[in-house]
Amino acid sequence: MSYFRTAILLAGLTALFVAVGYLIGGPSGALVAFFVAAATNLITYWNSDRLVLSMYGAQQVDERTAPELVHNVAELARRAGLPMPRVYIVDNPQPNAFATGRNPKNAAVAVTSGLLNMLSHDELAGVISHELAHIKNHDTLLMTVTATIAGAISMLAQFGLFFGGGNRGSSNSGIGAIGTLAIIILAPLAAMLVQMAISRTREYTADNMGARISGNPAALASALAKIDVAAHQIENTTAERDPATAHLFIINPLSGARMDNLFSTHPATKNRIAALEQLAAQLDQAHFGRTMRSAPSTDVTL
């Protein structure tokens, strides 16, 4: 089902891409945009993880260069029933993390240096488990493809500022100019709304599954609270330059100082924490029930 959703998403974003091309260059522009979109889809499917990791300057680590982190990921991946993903560190002071890859066999988990410096062992395990949940649910392909193509749509729409509207004949130049102006505004907005719809529901699911993988919902909730506060105080310059990738992260990396953060790709952190607290209470209650059922009887016969 995840691959079917990916195909539908690619078709919708490709149609939007072609529409932008049409408004910029008419039928020939639409044809060029179609071939560009097809090439982008193909490249994105096979290389989306490398593109995002390269964009953030992520450096792959192993047991020699980051033994504690790699061992942590390996243990949690074992609990989740997943192959060992590649592990990366992003040299960025903002605490954050993301996962990428087209499937669990070709997945990667990336954490920032800020995350490693700020979180405790249990909190870090909760964050990694959240990212592993995205991998297990096959969210990473959909989210990375969306980031790449949404960014391409935004760039193509910007070309309309310079090339749109007036190159299709004087009879249509007025309509073309209006249409181009509309698409410059609406195309990135449409791509952003798609990202919101994808990311919001998946974050709750990944929180729940990640908390079960780590076995510590409270630690994940604590990590989310710390990351959320820091994300508003420490700028992630790469994310600010390319906000189309914001939905990949466990917490929105945008500072909120710009219009890019007008519509957040993430649900409110306080709501995510509340859901984790509720899960913790449920797990504690279930554990107490199992303990009581397995305890020996203390009845005394007089």
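The table for this structure:
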| item | result |
| --- | --- |
| Selection status of residue 82, in contact with a Lys or Arg (Cβ under 7 Å, 6 or more places away or on another chain), modelled with pLDDT under 95 and either under 30 Å from residue 46 (Cβ atoms) or in a loop (DSSP other than H, G, I, E, B) (or both) | no |
| Options 50, 102: the member that is under 23 Å from residue 13 (Cβ atoms), touching a Phe, Trp or Tyr at 6+ places or on another chain (Cβ under 8 Å) and basic (Lys, Arg) | 102 |
| Check on residue 104, buried (at least 17 other Cβ atoms within 10 Å of the Cβ), more than 29 Å from residue 18 (Cβ to Cβ) and modelled with pLDDT under 95 | yes |
| Residue that is of a type outside the set (S, T, N, Q) and in contact (Cβ under 8 Å) with a residue 60 or more places away in the chain, where the choices are 69, 51, 42 | 51 |
| Options 52, 90; residue that is surrounded by 14 or more Cβ atoms within 10 Å (Cβ to Cβ) and either more than 26 Å from residue 254 (Cβ to Cβ) or modelled with pLDDT of 95 or more (or both) | 90 |
| Residues satisfying the stated conditions in segment 94-123, i.e. in a loop (DSSP other than H, G, I, E, B), more than 19 Å from the chain's Cα centre (by Cα) and not hydrophobic (A, V, I, L, M, F, W, C) | 120 |
| Flag if residue 2 is touching a helix residue (DSSP H, G or I) at 6+ places or on another chain (Cβ under 6 Å) and modelled with pLDDT under 85 | no |
| Segment 209-253, subset crowded, with 17+ Cβ neighbours inside 10 Å and in a loop (DSSP other than H, G, I, E, B), residue nearest to the chain's Cα centre (by Cα) | 250 |
| Any pair with Cβ under 6 angstrom, 6 or more apart, that starts in segment 88-101 at a residue that is touching a residue at least 40 places away in the same chain (Cβ under 8 Å) and ends at one that is assigned to a strand (DSSP E or B) and not hydroxyl-bearing (Ser, Thr, Tyr) | 96/249; 97/111; 98/110; 98/249; 99/109; 100/108; 101/107; 101/108 |
| Which numbered condition residue 46 fails, given (1) farther than 30 Å from residue 136 by Cβ; (2) at pLDDT 75 or above; (3) of a type outside the set (Val, Ile, Thr) | (1) |
| Selection within segment 254-302 - at pLDDT below 70, under 30 Å from residue 229 (Cβ atoms) and in a helix (DSSP H, G or I) | 259, 260, 261 |
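The values are calculated or read from the model by the stated rules, or taken from the named source; none is laboratory data. For clarity, every value in this text was computed on a predicted model and none was experimentally measured. Using ideal geometry, Cβ is built from the backbone for each residue, glycine included, and neighbour counts are taken over all protein chains shown.
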